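Trainee: Have a look at the structure that comes next, please.
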There are 2 protein chains.
Amino acid sequence: MTLLPQPTREQLDLSRVLEALSNPIRQRVVRQLSESTDFTLTCGELLPDLPKSTATHHWRMLRDSGVVGVARNGREFRANLRRADLDARFPGLLDAVLAAI
Amino acid sequence: MTLLPQPTREQLDLSRVLEALSNPIRQRVVRQLSESTDFTLTCGELLPDLPKSTATHHWRMLRDSGVVGVARNGREFRANLRRADLDARFPGLLDAVLAAI
């Protein structure tokens, strides 16, 4: 299983994290991941029924902002919520968002 | 002093609030308002040195999302941070953002 490139904890940027969290489709992904164990759900399961280019855009926003990690295993991509990194850099932010979505 | 139109507390939408908070220029306004008493600072003081159209865009994002209220008194516009409304609808969110900016 290979982790796709992602910002380090130190590189997390508040503006990009808030932008990633501001979209209802991405909020749904974050909620689902918050209720799942790391790297269990596949990207296809998390964003079904979306055109590939739209799904790719959302995954890029989630991964590039550091909200979500994605790991590849062959042809499968599985995601996790980077809760520890987000909590360390922006204490209380993720909990506040999760409580509201 | 007349309050410009703004969403009610019940109308506040998480996605729009997060989008409003995701921009560094608007974050600076929010921080300044958080350190000031309501309707003390003028919009001109809060966003100096910006082209009028750019400033108007940022005020619209802040006011339409419900993050900030703006009151008019003649030719003067003064702003406040809608902390009580934001705290009531999204507990912990504003504090988490303020701690990070």
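Trainee: Where does the charge balance sit around A:GLN11 when Lys and Arg score +1, Asp and Glu -1, over other residues with C-beta under 12 Å from its C-beta?
Mentor: Numbers: positive: A:ARG9, A:ARG16, A:ARG82, A:ARG89; negative: A:GLU10, A:ASP13, A:ASP64, A:ASP85.
Counting the neighbours of A:GLN11, the net charge comes to 0.
Trainee: Same structure, new question: Give the separation of the Cα centroids, the range A:34-56 to the range B:1-55, in Å.
Mentor: 34 Å
Trainee: Same structure, new question: For the interface of chains B and A, what total accessible area is buried with a 1.4 Å probe, rounded to the nearest 100 Å²?
Mentor: 1100 Å²
Trainee: List, in order, the whole-Hz ³J(HN,Hα) value for each residue of the range B:7-23 obtained from phi through the Karplus relation with A = 6.51, B = -1.76, C = 1.60 and θ = phi - 60°; use x for Gly and Pro.
Mentor: My calculation for the range B:7-23 gives x, 6, 3, 5, 7, 4, 10, 4, 4, 5, 5, 5, 5, 4, 7, 7, 9 Hz in order.
Trainee: By what distance, in whole Å, do the Cα atoms of chain B stretch along each of the three principal axes, largest value first?
Mentor: Projected onto its principal axes, the Cα set of chain B covers 34, 26, 23 Å.
Trainee: Sticking with this one: Once phi is turned into ³J(HN,Hα) by the Karplus curve 6.51 cos²θ - 1.76 cosθ + 1.60 with θ = phi - 60°, what whole-Hz value does each residue of the range A:86-101 show in order, with x for glycine and proline?
Mentor: Working through the residues one at a time gives 5, 5, 5, 7, 10, x, x, 5, 5, 4, 5, 5, 4, 5, 9, 10 Hz.
Trainee: Moving on. Two decimals, Cα atoms only, Kirkwood Rh: what is Rg/Rh over the protein assembly as shown? Display every interim value, and only then the final one.
Mentor: On the way: Rg = 18.6 Å, Rh = 18.0 Å.
Taking Rh as the inverse mean 1/r over Cα pairs, Rg/Rh reads 1.03.
Trainee: Please give the calculated 222 nm ellipticity per residue for chain B, where each DSSP H segment of at least 4 residues contributes -39500 (n - 2.57) and the sum is spread over every residue; nearest 500 deg cm²/dmol?
Mentor: On the way: 6 runs with 52 residues, N = 101.
About -14500 deg cm²/dmol.
Trainee: A further question on this structure: With a 1.4 Å probe and all protein chains left in place, how much accessible area per residue does the range B:2-100 have, in Å²? Numbers along the way, then the final one.
Mentor: Numbers: 4970 Å² over 99 residues.
I get 50 Å² per residue for the range B:2-100.
Trainee: Moving to a separate point now. Calculate the mean, over all residues of peptide B:24-31, of how many other protein chain Cβ atoms lie within 10 angstrom of the residue's Cβ. Kindly include the intermediate steps, with their values, before the conclusion.
Mentor: Values: counts 3, 1, 1, 3, 0, 0, 0, 0.
Across B:24-31, the average partner-chain Cβ count within 10 Å equals 1.
Trainee: Kindly give the distances from A:ARG60 to its copy-mates, label point to label point, with each label point 7 Å from Cα along Cα→Cβ, as nm values to one decimal ordered shortest first.
Mentor: 2.6
Trainee: Over the protein assembly as shown, with every protein chain in place, what whole percent of the accessible area is carbon and sulfur at 1.4 Å, could you tell me? The partial results should precede the final answer.
Mentor: Working: 5170 of 10370 Å².
The C+S portion of the solvent-accessible surface of the protein assembly as shown is 50 percent.
Trainee: Compute the signed sum of charges (Lys and Arg +1, Asp and Glu -1) over the other residues within less than 12 Å, Cβ to Cβ, of B:MET1. Write down the numbers at each step before the final one.
Mentor: Working: positive: B:ARG72, B:ARG78; negative: B:ASP38, B:GLU76.
In short, 0.
Trainee: Let me confirm one metric for peptide A:92-100, namely the mean number of other chain beta-carbon atoms within 10 Å of its residues' beta-carbons. Walk me through the numbers on the way to the answer.
Mentor: Values: counts 8, 8, 1, 4, 9, 6, 0, 5, 11.
Taking the mean over all residues of the peptide, I get 6.
The values are calculated or read from the model by the stated rules, or taken from the named source; none is laboratory data. Source: prediction; values computed, not measured. Methodologically, a virtual Cβ is constructed for each residue, glycine included, from the backbone with ideal geometry; neighbour enumeration extends over all protein chains shown. Accessible surface is based on the protein model in full, side chains and every heavy atom, while ligands, DNA and RNA are left aside. Shrake-Rupley method; radii C 1.70, N 1.55, O 1.52, S 1.80 Å.
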